[in-house]
Every structure is written in structure tokens, then in C-alpha cells.
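**Q** Please find one structure pasted underneath; my questions will follow.
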Amino acid sequence: YTILSKVHSDRNVYPSAGVLFVHVLEREYFKGEFPPYPKPGEISNDPITFNTNLMGYPDRPGWLRYIQRTPYSDGVLYGSPTVENVGKPTIIEITAYNRRTFETARHNLIINIMSAEDFPLPYQAEFFIRNMNVEEMLASEVLGDFLGAVKNVWQPERLNAINITSALDRGGRVPLPVNDMKEGVYVMVGADVPFSSCLREVENPQNQLRCSQEMEPVITCDKKFRTQFHIDWCKISLVDNTKQVSTFQEVIRGEGILPDGGEYKPPSDTLKSRDYYSDFLITLAVPSAIALVLFLILAYIMCCRREGVEKRNMQTPDIQLVHHSAIQKSTKELRDMSKNREIAWPLSTLPVFHPVTGEIVPPLHTDSYDNTSMPLMQTQQNLPHQTQIPQQQSAGQY
């Protein structure tokens, strides 16, 4: 493919500092720069995406955001310029990519930020709208309806949208891909009059308690938004810049604050070599020597300090030794006699009479037979006088 590039003329815009700036990158504006479909008569609907960056840098300024949901929707640049950028032209390079032909078209957007004496407005309120995405809220008609509802409950002389931020940029979670699941959007507006009583209802203790229990607070003017906008009143933020006091405080040196050590001075290149022999002796040799001494003491106690049999016999009375010796001799004689003793087998292990005639069965072993090696249980095949019980034959043999 041959990638072509076409450059449009520069376009100048003049937003005001502290007021919401919205610039739509329309796909129809770039379609004429790309060749039509090969077949005549077909409507060109090429997928087009945009890339925006500050000239000479890979990204946009911090106050400027960009969003485009799909290649078949328009892109939107939006944000709130800051006072620090007043008088400095900001050149944004916009590159359109045709995903079908791989062609590009470029033009520059020159943002000339103007200063305004009335901005930013001193009373600012930030609303969280749960049933809107950021690109839906950026539409002029939707934003106009929201500002109209706010004006009805606030009644200011001047009311402007200051900034719009997606809930995802505030750490929100991506919604489930189901119908009517929106990511949510924060909308900050400013006015020149104090907050109305309706907006102040969020600060009363009853509503604060309901918010802590994850319940909807009771707001009298919620019905003016409910038809189109679902406001989360627990996340509303009211800022009065007229009462804000400078938070700058003199730094007091104390615990937790390091003193100023001046500039960093690296060590000299001519460092002397250090002898680590003494450190080795302290960390290895000394603990090893202590462990060896303890091992020797334990070995002497366990091996060289045993009392033995002789010392035990010396401390034992003679009559106790005689009794112990007599018991040992008697036990040995009984064990020797049990090897040659003949006894009848228990009835539970071996029958001693014939089951039919009642004749007494002679012993199965001779006098010299060592019965200690005979098993307690014998199988039926080993019994010489076992009576054979006839087995029942099958019915087919009769």
C-alpha cells in the first residue's frame, strides 16, 4: 500500500481560561480527503481514528483530554484551560487515519487561550451524573439542558460549565457491557452568587447520615434533574472561593523534617582501602568459638558424667538387689519351661473331638514339637479328621 498524507490549513480557536473548551473532530470533515469506495454509488463510511498531540511532544497538555469511542464516531477534544497558559498559543497536531486505505490527513489546531476578568467564578459546584458518559455530556444540547436545570435551582446571573471529567479518570470502574450501564461523569459549574438552599440541603446532618449509610438523601430540587439526569447528591462538592484562606504555613523544623544539608557532595575518588579482617573475627570467629565451648561443655556432661551400673548398685540396698535377681531367675525358668510344655489347643482355634462320632482327636504334634512356632489359626485343609460336607449340585444334573 502507498500511504499518502495531506495537510490542511491551520485552524484557530479562542477559548477562555476557566471555562470548558470543547472541539469536535468531525469525520465528515476528513472524508473528502480520502478516496471513495472502489464501487461507484456506494456511500463511503470508512473507519477513521484520530491522534492528537502537542507539537513537538508525544502527548497533549495536562488540561486537554481526548475521547473517541469507535472508529465510526467523531472525536472530541475537551478540557478547561488554566490561567498559566494565557497568552501562549498551544498548537495541537491532529492526524486522521483511514483504517481502510491506510491514508492520513493532518492539520493543526491553534488554541489561543484568552483571559477573562469574570472567570473563574467564585462559587463552584461539582455534580456527579450517573446515567451519562462523557461524550454524551459534551453534546451541546445535553450540556445546555443540564445548565438550564442548574440555573433553575441556583438562580445565578452568570453560570458557566468549568470542567467535565469522566468517572474513569477519577478511579471509577468500567461498567458492565449491558444496556443502561454508564460510566458516569463529573460536571463542574461556576456561578457568581452563593449556593441556593436546595444545594445546601446536602450538608444537613440527616442527609449526611443517609449518605454514610449508602442511602439516597432527601433533596427537594432533585425532581428538576430526575427526568433526564440522575444526580448522586452524596458526591456533590461545593467550593466557595471567597472564603478560602491561604493554606501556606511557615515550615517549622522539627521531628520528621530533614534539615537542609546543602548541595550533594560525592565522595572523593581517592578512597583508602579498608581492612575487613577484624570485622571477620568479630562476626564469625567469636560466635564460632563460643559455640565450640558450649558444645564441649555439653559433651562432657552427657558422656563423662554418667553414673553407670556400678554406682547404681552401690547406692541400692542388698535386699532389693537379691529380690531383683530372684525375680529375673524365676522369669527365665518359666520361659524355658513354657517352651517344652504340652497343652491342648483352644476350641476356638482347633477342634479336639470328631464332630460326628465324638471321638477325641489325638494331639497334632509330638512331644518334641515346638508349639511356639505353630500358628494359632490353621486352615481347613490342614485338619486330618475334617468331615467333608457334600456340596449341593445344580438343578440341571438331576
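The values are calculated or read from the model by the stated rules, or taken from the named source; none is laboratory data. None of the values given here were measured: they were computed from a predicted structure. Neighbour counts run over all protein chains shown; Cβ positions are idealised from the backbone, glycine included. Calculation scope for accessible area: heavy atoms of the full protein, side chains included, ligands and nucleic acids excluded. Shrake-Rupley method; radii C 1.70, N 1.55, O 1.52, S 1.80 Å.
**Q** Does segment 120-151 hold any residues that are assigned to a loop (DSSP other than H, G, I, E, B), in contact with a helix residue (DSSP H, G or I) (Cβ under 9 Å, 6 or more places away or on another chain) and among the hydrophobic types (A, V, I, L, M, F, W, C), and which are they?
**A** Once the filter is applied, which keeps residues that are assigned to a loop (DSSP other than H, G, I, E, B), in contact with a helix residue (DSSP H, G or I) (Cβ under 9 Å, 6 or more places away or on another chain) and among the hydrophobic types (A, V, I, L, M, F, W, C), segment 120-151 yields only M132.
**Q** Pick from V193, V218: which is open to solvent by 50 Å² or more (accessible area, probe 1.4 Å) and part of a loop (DSSP other than H, G, I, E, B)?
**A** Exactly one residue qualifies, and that residue is V218.
**Q** Looking at segment 163-180 only, could you name the residues that are open to solvent by 90 Å² or more (accessible area, probe 1.4 Å) and assigned to a loop (DSSP other than H, G, I, E, B)?
**A** Within segment 163-180, R173, V174, L176, P177, N179, D180 meet the criteria.
**Q** Here's something else I'd like to know. Can you pull out every residue in segment 46-94 that is of a type in the set (A, V, I, L, M), part of a strand (DSSP E or B) and over 33 Å from the mean Cα position of the chain (by Cα)?
**A** Those that are of a type in the set (A, V, I, L, M), part of a strand (DSSP E or B) and over 33 Å from the mean Cα position of the chain (by Cα): I48, L54, I91, I92, I94.
**Q** Could you please give the count of residues in segment 75-94 that are within 13 Å of T52 (Cα to Cα), of a type outside the set (A, V, I, L, M, F, W, C) and open to solvent by 40 Å² or more (accessible area, probe 1.4 Å)?
**A** Looking only at that region, the number is 1.
**Q** Consider L54 carefully, then state whether it is open to solvent by 30 Å² or more (accessible area, probe 1.4 Å), within 16 Å of T95 (Cα to Cα) and modelled with pLDDT of 90 or more.
**A** Yes; evaluated as a whole, the condition is true for this residue.
**Q** Still on this structure, please answer the following. Assess whether L199 counts as being part of a helix (DSSP H, G or I) and open to solvent by less than 20 Å² (accessible area, probe 1.4 Å).
**A** yes
**Q** Also, quick follow-up: Starting from residues that are among the β-branched types (V, I, T) and not in a loop (DSSP other than H, G, I, E, B), keep the ones in segment 103-119 and report whichever is farthest from P175 (Cα to Cα).
**A** I110
**Q** Quick one: which residue in G79, G41, G32, G87 is at pLDDT below 85, within 17 Å of I110 (Cα to Cα), of a type in the set (G, A, S) and not assigned by the TED database to the domain that holds S140?
**A** Within the list G79, G41, G32, G87, the selection yields G87.
Here is a yes/no grid of residues against (1) within 35 Å of the chain's Cα centre (by Cα); (2) surrounded by 15 or more Cβ atoms within 10 Å (Cβ to Cβ); (3) under 25 Å from V13 (Cβ atoms):
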| site | (1), (2), (3) |
| --- | --- |
| A96 | no, yes, yes |
| R99 | no, no, no |
| H107 | no, yes, yes |
| A125 | yes, yes, no |
| M137 | yes, yes, yes |
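**Q** For A149, are the conditions met, namely being in contact (Cβ under 8 Å) with a residue 12 or more places away in the chain, touching a Phe, Trp or Tyr at 6+ places or on another chain (Cβ under 7 Å) and either crowded, with 17+ Cβ neighbours inside 10 Å or of a type outside the set (A, V, I, L, M, F, W, C) (or both)?
**A** yes
**Q** Considering only segment 109-119, how many residues are open to solvent by 20 Å² or more (accessible area, probe 1.4 Å) and closer than 22 Å to N160 by Cβ?
**A** Of the residues in segment 109-119, 7 are open to solvent by 20 Å² or more (accessible area, probe 1.4 Å) and closer than 22 Å to N160 by Cβ.
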